[in-house]
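What follows is one structure encoded as structure tokens, with my remarks underneath.
The values are calculated or read from the model by the stated rules, or taken from the named source; none is laboratory data. All values reported here derive from a predicted model rather than from experimental measurement. For neighbour counting, all protein chains shown are included, and Cβ atoms are generated from backbone atoms with ideal geometry for every residue, glycine included.
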Amino acid sequence: MLTRKVHVCNFIVLNLLLCSFALAQEGPGLGVPATPEQVAGWDISIDPEGENLPAGSGTVAQGEAIYDAQCFACHGQNGEGATNDRLAGGHGSLATANATKTVGSYWPYATTVFDYVRRAMPFSQPGTLSNDEVYALTAYLLNINGIVDETTVLNAETLPLIEMPNRDGFFWSAEVR
Amino acid sequence: MSDSDNPVDQIEAVAANGLLHRRAFLKTGTLLTAGATFLTAQAAPPELDAWSKVPGRPPEAYGNRSEYESDVVRLPGFSPPALGAGASRTPHGSLEGMITPGALHFERHHNGIPNINPDEHRLLIHGLVDRPLIFDLESLSRYPLVSRIQFLECSGNSRLLDADQPVDGTAQSIHGLLSCSEWTGVPLSILLDEAGVQTEGMWILAEGADSSLMTRSIPMSKVRDDAIIAIYQNGERLRPGNGYPMRLFLPGWEGNTSVKWLRRIKVTAGPTMTRDETSKYSDLRPDGSARLFSFQMGVKSIITSPSGQQTMRGPGLYQISGLAWTGAGRISRVEVSADGGRTWGEAELPGPVLSKALTRFRMPWRWNGGPALIQSRAYDETGAIQPTRTALISERGTQFNYHNHAIQTWLVSANGEVSNAYS
């Protein structure tokens, strides 16, 4: 963690240098000011700190019911994979010749599950899940990966606290360090 | 004719197995007539061809190519039920020069091609800025535009070279997630300056308007360096499959970061860690660790002619032709081997040689009719050299999935058939 911070600092210094050398160019100034309400409506992205997570909550059991109705066909029973990505299992496989990358074995942040499912799934009707349903599906996907137990209730407070098993499995490319 | 009388045989050889000096075609006027020719007297046309004796079609509103070229098409790949999560590949084995026609530019979508009405599409810039702003296509079109010829390559391109055994593939099926266009657009830094980026704003998040709302985090240094919002491709508005009406374009970086159908840019302090920069587009290494944010595309080249599943028509003179590129800037040198990488000769770069663009290379080759393993190897202006497949795999294993820029080998068999091979 310490080394990460140092790297970020180096990167900031480099960036400031680049900014100060950049040639000032000007445009006609045609951007229309956006109101806070407009911004709030567009801004659906969730970062690893969980900033911008919406109100609502969901349980593992609720998530299982939604999964079986809306996700099962493409991702298989208990997330074992069907026509599309396997979502569970593969723990401990990354350093083997048969690496299996899933939400549980590979993903570094639980917040990404919420962000992605809300924006992109279910594939044929994206954008139709309520925030409660997305919390529930996130809880279910983490549960079938053995990351949370079946009594878990996820919401804006509890989701960012979850430590994913492969959290420290990533390093940043030299390009951005 | 004895060997020494044949002008073809007097051209300087620069590497084993028939590779000739790169300027051989230019230096020897008689060269072409001395090569094998396949036109026969019977096949020669009569005095006037049929099409010369009837009036042709009237002018067309939007041009179509010749009906005789209709088999030059992209190779789409997708599987039910998620038809929109797929790709189509550029037919490099049938193209020449450096520009990819818009209709043949590769595509990679995460949930299909949206049908966007440009009058209703908006771009929001917000986050760590003083003034959140909204733009549309009409307003962007009034900003100072820049045009550049630059390549776009999916970082999953050439992934088939990871396979244990060489796949039976073509320049298109193996390397087709690569194209080059003239991109015209607005420097993103102008728009960000208008919004007023705050000092903590070190990254942006770019979001597409397709139904996957695809998102990637980009460091501000790249935005300041050469990022544009592209609104024209090869002179016309972007193709829907390439981001109509507006896309981010990040020269030299993995294609996925040039977010199509751009609807939102959020200035942030750090990366958002989206699914497409963690679960995907991260490079898994043999020890189980994985690299995030490997953005720049490595120095690379491919031979497009002759290439996989083509057939050579007998021994004689040919021109090896291919493409070289690097995310670091300009290509400085390309070498070709006809003996599996043991000896190399320098290829001609007829130009233009542009920064972060596809660069055409050519090399005369006298094929003697025997088996040959042909390869190309690119160098760039930073001194980087394209690695062998063996070197890349010993460094990264076979499960890194992205950024495969290894030297690739075509085997020319004695019967003239060309196939993908390892050497």
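For this structure, a couple of remarks:
- Residue identified as more than 10 Å from chain A (Cβ to nearest Cβ), surrounded by 23 or more Cβ atoms within 10 Å (Cβ to Cβ) and either more than 26 Å from B:V73 (Cα to Cα) or free of Cβ contacts under 8 Å to residues at least 60 places away in the same chain (or both) among B:G185, B:G176: B:G185
- Segment B:281-301, residues that are at the interface with chain A (Cβ under 9 Å from one of its Cβ atoms), closer than 24 Å to B:G329 by Cα and in a loop (DSSP other than H, G, I, E, B): B:S282, B:F293, B:S294, B:F295
- Qualifying position, being away from chain A (no Cβ under 11 Å), within 26 Å of A:W107 (Cβ to Cβ), hydroxyl-bearing (S, T, Y) and within 26 Å of the chain's Cα centre (by Cα), among B:T278, B:T304, B:T257: B:T257
- Selection within segment B:312-326 - surrounded by 24 or more Cβ atoms within 10 Å (Cβ to Cβ) and either farther than 11 Å from B:R362 by Cα or at pLDDT below 95 (or both): B:W325, B:T326
- Tally of residues being within 8 Å of chain A (Cβ to nearest Cβ) and more than 25 Å from A:T102 (Cα to Cα) across segment B:260-275: 4
- Only one of the listed residues (B:N401, B:N415, B:N368) is surrounded by fewer than 21 Cβ atoms within 10 Å (Cβ to Cβ) and within 18 Å of the chain's Cα centre (by Cα). That residue is B:N401.
- Only one entry of B:E254, B:E200 meets the criterion of being charged (D, E, K, R), within 25 Å of B:T278 (Cα to Cα) and in contact with a Leu (Cβ under 7 Å, 6 or more places away or on another chain), and that entry is B:E200.
- Flag if B:D283 is out of contact with any Phe, Trp or Tyr (no Cβ under 8 Å at 6 or more places or on another chain) and surrounded by fewer than 23 Cβ atoms within 10 Å (Cβ to Cβ): no
- Top-ranked residue of segment B:202-254 - restricted to ones that are of a type in the set (F, W, Y) and farther than 21 Å from B:Q296 by Cβ, ranked as nearest to the other protein chains (Cβ to nearest Cβ): B:Y232
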